[in-house]
Amino acid sequence: MTTAAQRLATEGFGPDNLPYGSFSPAGGEPRLGVRLGDVAISLRDLVPAVAGAGGPALALEVGDAASADDLDTLLAAGHTVWQPLRAWLQEVVTTDGLDGIVAAVSTPVSEVTMHMPFTVADYVDYYASEQHASNIGRMFRPDQAPLLPNWKHLPVGYHGRAGTVVPSGTDVPRPKGLRPEEGGTPSFGPSRRLDIEAEMGFVVGGSAPDGEVSVARAAAEHLFGVVLFNDWSARDIQGFEYVPLGPYLGKSFASSISLWVVPWDALDAARVSPPEREHALADYLDEGGQDWALDITMEVELDGEIVSHPPYRTMYWTAPQMVAHMSVNGASLRPGDFFGSGTVSGDERDQRGSFMELSWGGKEPLVLADGREQRFLEDGQTVVLRGRAPGADGSVIDLGECVGTILPAT
């Protein structure tokens with residue numbers, strides 16, 4: 001007898017991962033599924049098939065969530081539903097003799113059409129990498145301290161546009177806006193300094209109508225999953241507009257997420273200690289000795305060439321702290337709320353998560369393998385983000401890919 005995990009698992013997408021996605025088989029309607037190896041398993045078909053075969057019983061009724069088109073219903077159901085469902089799925093794919101049932105409700109990933117995995121409610125972008133924030137500070141404020149006084153006391157962030165968070169594979173037209181000019185009068189036109197921001201994105205589930213979610217509750221009850229996130233940035237438009245209220249048109253035109261949502265619980269083995277904090281934390285940000293930083297190694301590819309390996313484990317602020325911060329003033333949490341970590345950058349040049357940093361504002365261009373100099377993104381270029389984390393017992397958790405190609409301005 002064999003298990004589905006033994007037959008189907010490939011490195012990175014084994015039973016310790018089982019990321020969720022919304023997909024359509026050829027000629028079929030969208031449905032919620034999980035990925036095991038190189039196949040997508042339809043939950044609306046798996047649940048009754050396992051029950052009919054006398055397989056492992058679900059501890060609760062998940063019919064609506066399992067039969068949905070995407071994650072929206074499961075996110076609304078909360079952790080008391082999604083955690084037992086994940087445990088059941090792991091049991092099913094590792095139980096002897098059920099591999100035939102799993103195979104019957106599976107479709108090769110190469111043969112499916114992927115969709116946006118959930119509906120984004122509110123979207124917040126953070127600025128949680130000390131290395132990235134310091135690099136930007138040195139470029140923008142060379143005569144001042146790289147970090148502003150508030151940075152190590154709270155996770156700095158801003159609200160973005162949920163409607164322009166798009167699935168991986170969506171092309172990105174070059175945005176237009178007002179650009180600074182040496183003469184002082186701005187010009188209107190396509191961005192000349194189009195950039196990426198290699199980030200991690202976090203999907204929130206459950207509801208907290210009155211806000212004030214603690215770090216512990218954020219981790220246990222509200223953090224559903226993780227995606228790769230490319231928050232495209234028009235640095236020239238952003239540079240002209242951001243004082244005094246922060247980013248707007250330079251950031252709101254497109255933000256890409258990967259298509260498979262890795263469960264938060266799949267990253268238990270990737271938990272590590274955060275960097276040492278310079279100041280005592282406010283009570284609402286106190287992690288109580290828990291290690292909520294994540295050992296995720298990212299990869300930035302430009303037109304087939306790897307140009308950076310940002311290390312997520314160096315981020316100063318953790319995901320549960322970011323949830324606690326976004327709700328401490330009484331702001332509610334809703335199913336489908338989403339936040340980005342901010343650009344992930346490390347200490348070394350080849351660990352920087354943006355071309356703004358890789359080329360130091362264009363003054364020190366990145367030299368590609370063919371000798372070309374790269375400052376900011378050109379029309380036709382394709383960027384791919386990837387990420388991997390350690391799983392249980394030496395396994396690997398693969399976060400898939402986040403892909404986008406730049407089109408000329410319309």
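The values are calculated or read from the model by the stated rules, or taken from the named source; none is laboratory data. From a predicted model like this one, the values you see are computed outputs, not experimental measurements. Here the Cβ is made from the backbone with ideal geometry for all residues, glycine too, and neighbour counts use every protein chain on show. Side chains are part of the model used for accessible areas, which takes the heavy atoms of the whole protein and leaves out ligands, DNA and RNA. Shrake-Rupley method; radii C 1.70, N 1.55, O 1.52, S 1.80 Å.
With respect to Arg86, determine if the residue is outside the structural domain of Arg277 (by the TED database), charged (D, E, K, R), open to solvent by 50 Å² or more (accessible area, probe 1.4 Å) and part of a helix (DSSP H, G or I). Judged against the criteria, Arg86 is not a match.
Looking only at the stretch 323-338, decide whether some residue is open to solvent by less than 10 Å² (accessible area, probe 1.4 Å), in the same structural domain as Ala216 (by the TED database), within 25 Å of Gly288 (Cα to Cα) and in a loop (DSSP other than H, G, I, E, B).
Checking the stretch 323-338: at least one residue is open to solvent by less than 10 Å² (accessible area, probe 1.4 Å), in the same structural domain as Ala216 (by the TED database), within 25 Å of Gly288 (Cα to Cα) and in a loop (DSSP other than H, G, I, E, B).
Scanning for something under 26 Å from the mean Cα position of the chain (by Cα) and either of a type in the set (A, V, I, L, M, F, W, C) or part of a loop (DSSP other than H, G, I, E, B) (or both), does the stretch 46-58 turn up at least one residue? Scanning the stretch 46-58 turns up no residue that is under 26 Å from the mean Cα position of the chain (by Cα) and either of a type in the set (A, V, I, L, M, F, W, C) or part of a loop (DSSP other than H, G, I, E, B) (or both).
Summed over the stretch 375-387, the residues that are out of contact with any Cys (no Cβ under 9 Å at 6 or more places or on another chain) and either surrounded by 18 or more Cβ atoms within 10 Å (Cβ to Cβ) or part of a loop (DSSP other than H, G, I, E, B) (or both) give a count of 7. Scanning the stretch 356-374 turns up no residue that is among the small types (Gly, Ala, Ser), under 14 Å from the mean Cα position of the chain (by Cα), open to solvent by 10 Å² or more (accessible area, probe 1.4 Å) and not assigned by the TED database to the domain that holds Thr10. Within the stretch 184-211, the residues that satisfy the criterion of being touching a helix residue (DSSP H, G or I) at 6+ places or on another chain (Cβ under 6 Å), buried (at least 24 other Cβ atoms within 10 Å of the Cβ) and of a type outside the set (A, V, I, L, M, F, W, C) are Ser191, Asp195, Gly205. On inspection, Ala208 fails the criterion of being modelled with pLDDT of 95 or more and either under 21 Å from Tyr312 (Cβ atoms) or not assigned by the TED database to the domain that holds Asp379 (or both).
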